[in-house]
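Report on the following structure.
The values are calculated or read from the model by the stated rules, or taken from the named source; none is laboratory data. On a predicted model such as this, the values are computed, not experimentally measured, just so you know. Counting neighbours? That spans all protein chains shown, and the Cβs are built from the backbone with ideal geometry, glycine included.
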Amino acid sequence: MIEEWELMQIRDWGTVDAGRQRSFKITAGTMRPYLRVANVFDGFIDTSDVLQMPFSNKEFEKYKLIPGDILLNEGQSLELIGRSSIYQGDPPDCAFQNTLVRFRPGPKCDVEFAHLLFQHLQYTGKLSAVAKQTTSIAHLGVNRFADLWIKVPNIEEQRRISNILIKWNRAIALTEKLIAVKRRLKQGLMQQLLTGKRRFLGFENDGSKQEIQIGEVPSDWKAVKIGKVAHEISERAAPEGTPVLSCTKYDGLVSSLEYFGRQVFGNNLDNYKVVKRKQFAYATNHIEEGSIGLLRDFDVGLVSPMYTVFGLTTEMVDPEFLFAVLKTETYRRLFEALTSASVNRRGSLRWPVFSKIVVAIPSLPEQQKIMSVLKAVDREVELLEEQLRLLKLQKRGLMQKLLTGDIRIPILDDAA
């Protein structure tokens, strides 16, 4: 660390405040929007789900956000504690809840540099080190955060450093937008192709339709109950060392240890169910969240006894096609409706009901043509995600050098 950089506590660099506690007992005042931990992500604020609560005029002045305020997650899982973003003024006239900490930069602080430094403190575990762990939630603590010692350059050098790192942020943001565009494209294609609304040359019919649970599909597609092309599997004997899998909303069946970073299952696996490559498994009590997977990455795995495992009984259905159909938002909503209607008040969707769900199956060549297009989009997303990973890795490496003074940014001579 460079000697001429100033050593100070965060509280001396700006003001640090806790947000307003939400209480249903407080009903007086004007309803105002406020941000909470669910809105603040790493480098951006999600305004799609902003709640409101009543504030008196005096309270609102105290908790009102102004553009340039930095919000950090106060209560979160240990690895996400201190996740932060800059409030840019959207939504306007907004306050913040006590699940967040607000840092308002002082005169010696460049807001972009401060945010980059707070990100660096989070990435390197400095914030989680001072957090207080309760049950599953860790708390950063306003005073613990404010008391942290930091070393910072003068504001001119702060700006030079932030200007360089902002270029990486822009590249990261652009790549994230491209990924989001590709994912929306895939969702649109899935909706069109997997319901027969759009068909490839050589597979068209006369345009006639048939009605199934999810709406209209081509009349030349075979409408069948899942139980007619698949059967439930309840195998429980697996070789020692067989990986335990978890079913995720977006990634399907993945190694539980790798996904959670720790063991979340018990040591006794005798009652765990076996799932084999190209077989399906879904979380019986959570399928309405989209938790269904197709095993691709392992020859065999184990899943919780609370899962339902099934496999195809015919070669005329491509497992990848059926998986794509069952992962659509249309079928997720159907799972949700069937789960809500379940006589089991725990909200499960067991095989006897699941097996009666109707799917529309085109010919095998048409299934394979559809999947070739969707897989091409998947590949584009995978390449962009790898590019994003590398950009973030490069940024963190550069942050380590610039924010500790290992690399200095020279002052450019305008007259040169």
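For this structure, a couple of remarks:
- When G188, G241, G202 are screened for being modelled with pLDDT under 95, touching a Pro at 6+ places or on another chain (Cβ under 9 Å) and either farther than 30 Å from N271 by Cα or part of a loop (DSSP other than H, G, I, E, B) (or both), only G202 passes.
- Search result, residues across segment 274-318 that are touching a Phe, Trp or Tyr at 6+ places or on another chain (Cβ under 6 Å) and charged (D, E, K, R): E288
- Of the criteria (1) aliphatic (A, V, I, L, M); (2) in contact with a helix residue (DSSP H, G or I) (Cβ under 6 Å, 6 or more places away or on another chain); (3) surrounded by 17 or more Cβ atoms within 10 Å (Cβ to Cβ); (4) more than 22 Å from Q9 (Cα to Cα), which one M190 fails: (2)
- Residue within segment 198-205 that is within 19 Å of L334 (Cβ to Cβ), over 32 Å from the mean Cα position of the chain (by Cα) and among the hydrophobic types (A, V, I, L, M, F, W, C) present: no
- Filter result (out of contact with any strand residue (DSSP E or B) (no Cβ under 6 Å at 6 or more places or on another chain) and either among the basic types (K, R) or without any contact (Cβ under 8 Å) to a residue 40 or more places away in the chain (or both)) within segment 211-222: E211
- Within segment 338-356, being at pLDDT 90 or above and part of a helix (DSSP H, G or I) holds for L338, W351, P352, V353, F354.
- Residue among K151, K167, K182, K225 that is among the basic types (K, R), under 30 Å from K401 (Cα atoms) and touching a residue at least 60 places away in the same chain (Cβ under 8 Å): K151
- Qualifying residue in segment 127-143 (condition: in contact with a Ser or Thr (Cβ under 6 Å, 6 or more places away or on another chain) and within 19 Å of A18 (Cα to Cα)): no
- One residue alone among K356, K375, K369 is out of contact with any Gly (no Cβ under 6 Å at 6 or more places or on another chain), in the same structural domain as Y272 (by the TED database) and not aliphatic (A, V, I, L, M), and that residue is K356.
- Qualifying position, being acidic (D, E), at pLDDT 95 or above and assigned to a helix (DSSP H, G or I), among E382, E386: E386
- Candidate set: segment 139-170, residues that are in a loop (DSSP other than H, G, I, E, B) and hydrophobic (A, V, I, L, M, F, W, C); chosen: the one nearest to G75 (Cα to Cα): L140
Conditions tested, residue by residue: (1) surrounded by fewer than 14 Cβ atoms within 10 Å (Cβ to Cβ); (2) over 19 Å from E112 (Cβ atoms).
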| residue | (1), (2) |
| --- | --- |
| I357 | no, yes |
| I361 | no, yes |
| E366 | no, yes |
| I370 | no, yes |
| V381 | no, yes |
| E386 | yes, yes |
| L402 | no, no |
| R408 | yes, no |
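- Scanning segment 259-276 finds one or more residues that are surrounded by fewer than 17 Cβ atoms within 10 Å (Cβ to Cβ), out of contact with any helix residue (DSSP H, G or I) (no Cβ under 7 Å at 6 or more places or on another chain), closer than 26 Å to L312 by Cβ and at pLDDT 95 or above.
- Single residue of segment 127-180 satisfying the filter (surrounded by 13 or more Cβ atoms within 10 Å (Cβ to Cβ) and of a type in the set (S, T, Y)) that is farthest from the chain's Cα centre (by Cα): S162
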